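A quick write-up on the structure given underneath.
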Amino acid sequence: METTENKTGGSVTEVQSFEEMHLSDELLRGVYAFGWDSPTPIQRKAIVPAKSGQDIIIHAQSGTGKTGTFVTALLAQIDVSKAETQALILSPVRELALQTQSVVNALGQFMGVSCHASVGGRSGRDDAAALRKKPHVVTGTPGRVLGNLTRGFMSAHAIRSVVLDETDVLLEQGFEEQMRGIFGELPGDVQAMLVTATLETETQAVADQLLRDPVKVLIPLEQVTLEGIKQYYIDCERDEYKAGVLTDLYGTLSVAQSIVFCNTQRRALQLAEHMDTEGFTVSVLTGEMPQEDREEVIRAFKSGSSRVLIATDVVARGIDAPSVSAVMNFDLPHDRANYIHRIGRCGRMGKKGVAINLVASTDFRQLQGLEKYYSTVIPVLPADFATHLG
């Protein structure tokens, strides 16, 4: 074990292996079956204090294992002999709640843990029926969860821990009132874990009000850009040239899977049509699609049957496909915080990846704003870029 100073001046003990965390044999089997050999830096610092029941703020970027951090900590506290809902995980979007459910099921597969995703876009009657069976863990979106709590469909009296995943986005999307309503339904001594990739003033204010003397595991903003991801830009000169540049790029690119981000559904559909006419097989995912269709697209992409996904920010935080080694920003994101979540779709858990930004002359000021915000330099794509995809 090693002890390091955190940003608040306190100390955080780093546990170097999962065995040293004193996890149950069943949970440890799930961890190793999931493919983890050793904990990531955020897991070394945060799992032990989180599983002890302390309130905690986890500030870490996408792809560093933060979902595994809080899921492992929650599962370490679950008493599977009790048929009660004992943990709640709130996410800003349905896709992220479903992704988190899959991680809970994978890590807890040898424990006999039950997990239900309570999200919109699905039958309310089926949702209520599943919750009445009192699954050990519930993942969900705030509106649906609060509705189920207030209507008595979901039992809250045995909940020991609640996670606010992507708290910054929960606040951006106007879920603060629902989050407070949910806390009002939970036991007064519930453990709270706040998980965020950016720690803005609003997020800190919510932490101050909802958490009690939390342990803070923080990563300074200048360290947020992912070490395993090379970031570049291509000067396309004009916006209307971007589609041609992208298809030329894919003509020389050899990657297992990639995601292309657009800012609107219209742009995504137009780009998909262009690439289809150029002979590229692509799939499209946008927030305007019916939930069933969205889930089918994600399943197909995660299974590898689709290699190129053109998407809006609906999946910037809600999909974890380990084979993604390249992210293309056809449009730079309007919200600078979404940049880190987009490029974090590749280079997962320390693997290498490349993020390529297609930039028109009118985009350069925005690109420079990203460099300043993340204290980084995004150079022009070199001629030997293919060597960075290994």
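The values are calculated or read from the model by the stated rules, or taken from the named source; none is laboratory data. Computed from a predicted model, the values in this text were never measured in an experiment. In this analysis, Cβ positions are derived from the backbone assuming ideal geometry, glycine residues included, and neighbour counts consider all displayed protein chains.
State the number of residues belonging to the stretch 86-107 that are buried (at least 24 other Cβ atoms within 10 Å of the Cβ) and more than 16 Å from Asp320 (Cα to Cα).
4
How many residues does the stretch 349-390 hold that are modelled with pLDDT of 85 or more and assigned to a helix (DSSP H, G or I)?
Residues flagged as modelled with pLDDT of 85 or more and assigned to a helix (DSSP H, G or I) within the stretch 349-390 amount to 12.
Table: residues versus (1) out of contact with any His (no Cβ under 8 Å at 6 or more places or on another chain); (2) under 17 Å from Ala300 (Cβ atoms).
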position: Ala243; (1), (2): no, no
position: Leu246; (1), (2): yes, no
position: Leu253; (1), (2): yes, no
position: Ile259; (1), (2): yes, yes
position: Thr264; (1), (2): yes, no
position: Glu278; (1), (2): yes, no
position: Val282; (1), (2): yes, yes
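Spot the failing condition for Gly147; the list is (1) within 20 Å of Ala83 (Cα to Cα); (2) not in a loop (DSSP other than H, G, I, E, B), and only one is missed.
(1)
Within the stretch 157-171, which residues are surrounded by 20 or more Cβ atoms within 10 Å (Cβ to Cβ) and either among the hydrophobic types (A, V, I, L, M, F, W, C) or closer than 22 Å to Ala128 by Cβ (or both)?
Taking the stretch 157-171 and keeping what is surrounded by 20 or more Cβ atoms within 10 Å (Cβ to Cβ), we get 159, 161-170.
Correct list: Ile159, Val162, Val163, Leu164, Val169, Leu170.
Identify the residue in the stretch 1-36 that is at pLDDT below 85 and in a loop (DSSP other than H, G, I, E, B) and, among all such residues, is farthest from Leu107 (Cα to Cα).
Applying the first criterion (at pLDDT below 85) to the stretch 1-36 yields 1-13, 35.
Narrowing the set further to residues that are in a loop (DSSP other than H, G, I, E, B) leaves 1, 6-10, 35.
Details: Met1: 24, Asn6: 28, Lys7: 30, Thr8: 31, Gly9: 33, Gly10: 30, Gly35: 10 Å.
The selected residue is Gly9.
It is to be established whether one or more residues within the stretch 77-93 are modelled with pLDDT of 95 or more, farther than 28 Å from Val15 by Cβ, of a type outside the set (A, V, I, L, M) and out of contact with any Lys or Arg (no Cβ under 6 Å at 6 or more places or on another chain).
No: zero hits.
Could you give every pair whose Cβ atoms fall below 7 Å, whose first residue belongs to the stretch 293-315 and is assigned to a helix (DSSP H, G or I), and whose second residue is at pLDDT below 80 and not β-branched (Val, Ile, Thr), counting only separations of at least 6 or pairs across chains?
Phe301/Ala321; Lys302/Ala321
Quick one: count up the residues across the stretch 242-291 that are in contact with a helix residue (DSSP H, G or I) (Cβ under 9 Å, 6 or more places away or on another chain), outside any helix (DSSP H, G or I) and among the aliphatic types (A, V, I, L, M).
Residues in the stretch 242-291 being in contact with a helix residue (DSSP H, G or I) (Cβ under 9 Å, 6 or more places away or on another chain), outside any helix (DSSP H, G or I) and among the aliphatic types (A, V, I, L, M): 8 in total.
Checking Glu292 against (1) farther than 20 Å from Asn329 by Cβ; (2) touching a Phe, Trp or Tyr at 6+ places or on another chain (Cβ under 7 Å), only one condition comes out false. Which one?
The one condition Glu292 does not meet is (2).
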